[in-house]
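As structure tokens, the structure follows; a few thoughts come after it.
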Amino acid sequence: MQTEQWLTETELKGHVVTLIPLRRSHANDLLEAASDGELWNLWFTSVPTDQTVESYIEFALSEQKVGRSLPFVVVDNRSQKVIGTTRYCNADTKNKRVEIGHTWYAKRCQKTAINTECKQLLLSHAFENLSAIAVEFRTHWHNQASREAITRLGAKQDGVLRNHQQMADGSYRDTVVFSIINNEWLSVKANLKHKLTRYR
């Protein structure tokens, strides 16, 4: 008997951005966003290039098909342009745990309200609609900006997975794992709401 899929397509709308389900037709939009800052040159991130964008999208959609992922493009509400991407991933349906990852934004959108609101939308949906018991965040040890951004959200560091993944250049990634658990959500939610008031 087939069980109901935990992660189902949805649109998450905020004041600044809207998260809409990723489609193959978003390839050019993602490349345009990534070209702002040439994000693919950051060695510790995985941002698609014109050679890899199709496989990048296909992998995200294949993970969605088997219930492990729910990828979005991030749309600026004012310009209606795609400015980045994010997704739920590594979903553990049985234990109602999910990770928020594969997140990047055009350079002009970094250090703005955009990331805070995206995380508020994703966390609200995870805890309030999906009844998640924990939401994880993972990043490269050397991605200091990402580690600081995750901490500012109110997530706590769980630990470091040494030699967690082999990178395309043959090096090994140490992965820093953070999480927010369900009984922390109300205080994290209040913190995010307070942060967003500073941008309005």
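Throughout, read-outs are computed from the coordinates displayed, never taken from laboratory work. For clarity, every value in this text was computed on a predicted model and none was experimentally measured. Counting neighbours? That spans all protein chains shown, and the Cβs are built from the backbone with ideal geometry, glycine included.
Counting only residues that are exposed (fewer than 15 other Cβ atoms within 10 Å of the Cβ) and of a type in the set (Ser, Thr, Tyr), which one in the range 57-80 is farthest from His102 (Cα to Cα)?
Of everything passing the filter in the range 57-80, Ser79 is farthest from His102 (Cα to Cα).
The rows are residues; the columns are (1) surrounded by 15 or more Cβ atoms within 10 Å (Cβ to Cβ); (2) of a type in the set (S, T, N, Q); (3) in a loop (DSSP other than H, G, I, E, B); (4) under 15 Å from the mean Cα position of the chain (by Cα).
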position	(1), (2), (3), (4)
Thr103	yes, yes, no, yes
Gln120	yes, yes, no, yes
Ser124	yes, yes, no, yes
Phe127	yes, no, no, no
Ser131	no, yes, yes, no
Arg138	yes, no, no, yes
Gly159	no, no, no, no
Asn163	no, yes, no, no
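Given the criterion among the basic types (Lys, Arg) and not in a strand (DSSP E or B), identify the matching residue among Arg87, Arg68.
On the way: Arg87 fails: not in a strand (DSSP E or B).
Checking each option against the conditions leaves just Arg68.
Looking only at residues that are over 18 Å from Ala149 (Cβ atoms) and of a type outside the set (A, V, I, L, M) in the range 175-186, which one is surrounded by the fewest Cβ atoms within 10 Å (Cβ to Cβ)?
Taking the range 175-186 and keeping what is over 18 Å from Ala149 (Cβ atoms), we get 181-183, 185-186.
Keeping just the survivors that are of a type outside the set (A, V, I, L, M) gives 182-183, 185.
Working: Asn182: 15, Asn183: 9, Trp185: 19.
Checking each candidate, the answer is Asn183.
Among the residues of the range 81-101, write down those that are basic (Lys, Arg) and either under 16 Å from Ala134 (Cβ atoms) or surrounded by fewer than 19 Cβ atoms within 10 Å (Cβ to Cβ) (or both).
Lys81, Lys94, Lys96, Arg97
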